[in-house]
Structures are given as C-alpha cells and as structure tokens.
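Peer 1: Quick one: structure below, then a few questions.
The values are calculated or read from the model by the stated rules, or taken from the named source; none is laboratory data. None of the values given here were measured: they were computed from a predicted structure. Here Cβ is always computed from backbone atoms with ideal geometry, including for glycine, and neighbour counts include all displayed protein chains. Keep in mind that these areas ignore ligands, DNA and RNA; they rest on the heavy atoms of the full protein, side chains included. Shrake-Rupley method; radii C 1.70, N 1.55, O 1.52, S 1.80 Å.
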Amino acid sequence: MTAAPDHRPFSSDVRAGGPSIGVVLSHGFTGSPHGLRDWAQAMADAGFAVRMPLLPGHGTSWQDLSRKKWHQWHDALDAAYLDLDASCEHVFAAGLSMGGALALRIAATRPVAGVVLVNPGLVIDDPRAPLAGLLKLVVKSTPPISNDILKPGVEEGAYPRTPVAAAHELNKMFKDTVRLLPRVTAPVQVYRSSVDHVVSESSMVALRQGLSHAPLEVIPLPNSYHVATMDHDAGTIFQGSVDFITRHVATITPAASGTPAPAREDSHDPA
C-alpha cells in the first residue's frame, strides 16, 4: 500500500559552522511539500536552513484551492523568505513548476543569492487559458495535471481535479512573473526534463528571453518527467543544487556580502 502523502511544511535550521545559508523552497500547483520533501531534506543535510511552506489552498481539497488568489501563494513564500533573511547571510530561492515561477518572483523582488528551478512554469499553452476567467463560472474543475512521473510506483499526492478558478489565477501569476524577469540578477540554475507532459518548452523560451540580466545554467534530466524531484534523476537535482549553492556562496567576498542589498518590492494585482 502506498503511504499517505505528507503535506506538512518543512523547516530546518542552519548547521553550526561555516556561512549561514538559507533556501526558501516552493512546491507546485495542486501539489504540496510531499513532492519536494526529499529535496528539502537533502539541502537540510547539507547544513542549509530550509523553509518550504504549504501554499494556501494546497494539501486540503481542490475546492479550497478554487477560492484562493495567486498573490496568497506569493505572500506565503515571501514570508518564508523573510524568516530566513532575518537569520541567514545568504538566501536562495528554489521551486518546482509553479513553485519555480514563485521562486523567480522572490528573486525579482528580494536580494536573493541565487535561484534553483526544476521544470519551471511560466506559460500555459492550453488555448482555453485566456477564457478561464469566464469558464470558471460554468466549469468548476478539469482532469488533473498531477503525477507526471516516469519512475513506477511513485505518487505525487496532488489533487485529483484541477480547479478552473485557480488555473485562472495561475495564468495571471505567470504573466505577471514574466514581466518581472528582467529584474532578476542572481544566477539561475534550471533542471529541465527531456520529456515533460505538464510544462512545455514555451516556458523555457520565456525564461531565456526574460532573464536579460542574470546568468542561466540549464541541466538536462534525461530520465525523468515533470515531477523530477521524485523521479529517476532526483539525485542529480539534490547533489547538483547543493553544489551550485555552495559554489556560489564561496565566490561571494566578505566585502560583497557584508551589507545586504535593499529589498526590492513590486506591487501585484490581486484581481
């Protein structure tokens, strides 16, 4: 029998000794911390402080998610960032799918040290997406987009239905995030599955075009689908992201990190 998914938030503290490094981590749309828990644990085992909140409307029911606005997801992750920023010298933002877009929003509005993304979403290719604001009035949910995993016997624990109202919020958030991408200046590392049935290459095109002021590294995942943090290439993500964070912190001189850059805020439309 498959164990019940663990939707609880994840939190760890900095290991004593060395620079204090924090990672704020976000799960994806209709998912929960369950899909990223092993990744979070790998970073905690490396000595990083990790905060992975359960985003509003997730880990409960799809009906609950249908009542949430996209800025609530952003605000939950931003609060986790601020918690880490109060005690860590360097804070990184990371996420899977929609969580990748949220991590990019944090990087565009806060002085993060770097960004790590797994199959980040920025574009919804479904031709119905622009009509979701109207469709939500007559169609409450559609079939799920969850459990896109090549490895057999693995369950993401996401919702069995996708609420149309929340998909409308997701589309609005994606569009607003693409607008902010030129503000990202921290280095970005992306893990990209060769086969992804959820996020198309349109999102990668938008990412490359939008990151006009940030270095971008893309690492292919040849043996995983969308939820790569639970798939065959998970170890590549876990070790690679730890190495990326450790390597980048080592390049930051004490003079550069002694005085944090002022926080950058950007208003977002909750409509």
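Peer 1: Output the pairs from Lys151/Lys175; Lys68/Lys175; Lys69/Lys151; Lys69/Lys140 with a Cα-Cα distance over 25 Å in this structure; if there are none, say none.
Peer 2: Lys151/Lys175; Lys69/Lys151
Peer 1: While we're looking at this one, here's another question. 7 Å from Cα along Cα→Cβ at both Gln41 and Ala250: what's the point-to-point distance in nm?
Peer 2: 2.7
Peer 1: So if each residue of separation counts as 0.36 nm, and I subtract the Cα-Cα distance between Ala4 and Val195, what length gain in nm does that give?
Peer 2: 66.1 nm
Peer 1: So, one more: In deg cm²/dmol and to the nearest 500, what is the mean residue ellipticity at 222 nm of the chain if only DSSP H runs of at least 4 residues count, each as -39500 (n - 2.57), divided by the residue total?
Peer 2: Here the helix-only value at 222 nm equals -10500 deg cm²/dmol.
Peer 1: For region 146-228, max minus min Cα coordinate along each principal axis, in Å, sorted largest first?
Peer 2: Result for region 146-228: principal-axis Cα extents of 41, 33, 18 Å.
Peer 1: If I model a spin label as a point 7 Å beyond the Cα along the Cα-Cβ vector, how far apart are those points for Glu217 and Ala16 in nm?
Peer 2: Each label point is offset 7 Å from its Cα along the Cβ direction, giving 3.1 nm.
Peer 1: Mind pulling the angle between the C-alpha long axis of helix 70-85 and the longest principal axis of the chain? Nearest 10 degrees, somewhere in 0 to 90.
Peer 2: Compared with the principal axis, the helix lies near 20 degrees.
Peer 1: Something else now. Need one number: % antiparallel among DSSP beta bridges in the chain, to the nearest 5.
Peer 2: Once the DSSP bridges in the chain are tallied, antiparallel ones form about 15 percent.
Peer 1: Cβ neighbours within 10 Å, averaged per peptide: list 83-95, 27-39 in order, most packed at the top.
Peer 2: 27-39, 83-95
Peer 1: Using 1/(1 + (r/R0)^6) with R0 = 45 angstrom and r between the beta carbons of Ser61 and Asp243, what's the FRET efficiency to the nearest 0.05?
Peer 2: Between Ser61 and Asp243 the formula returns 0.70.
Peer 1: Please list Tyr81, Tyr225 in order of solvent-accessible area, largest first, computed with a 1.4 Å probe with all protein chains present.
Peer 2: Descending accessible area places them as Tyr225, Tyr81.
Peer 1: Can I ask one more? Just to make sure I understand: if all protein chains stay in place, what is the order of Glu217, Glu155 by accessible area at 1.4 Å, largest first?
Peer 2: My answer, sorted largest first, is Glu155, Glu217.
Peer 1: What is the local net charge at Ala49, summed over the other residues whose Cβ is closer than 13 Å to its Cβ (Lys, Arg +1; Asp, Glu -1)?
Peer 2: Working: positive: Arg15, Arg51; negative: Asp13, Asp45, Asp83, Asp85, Glu89.
Once positives and negatives cancel, what remains is -3.
Peer 1: Same structure again: What number does the chain give for Rg over Rh if you use C-alpha atoms and the Kirkwood radius?
Peer 2: Result: Rg/Rh = 0.94.
Peer 1: With axes computed from alpha carbons, what is the tilt in degrees of helix 234-251 against the longest principal axis of the chain, rounded to the nearest 10 within 0 to 90?
Peer 2: Long axis of 234-251 versus the principal axis of the chain: about 40 degrees.
Peer 1: What is the percent carbon and sulfur in the accessible area of the chain, measuring with a 1.4 Å probe over the protein chains and ignoring ligands? Could the numbers behind the result be given before it?
Peer 2: On the way: 6640 of 11570 Å².
Here it works out to 57 percent.
Peer 1: For every other residue with a beta carbon closer than 15 angstrom to the beta carbon of Ser224, add +1 if it is Lys or Arg and -1 if Asp or Glu, then tell me the sum. Intermediate values should be presented prior to the final figure.
Peer 2: Working: positive: Lys151, Arg192; negative: Asp38, Asp148, Glu156, Asp196, Asp231, Asp233.
Once all neighbours under 15 Å are counted, the net charge is -4.
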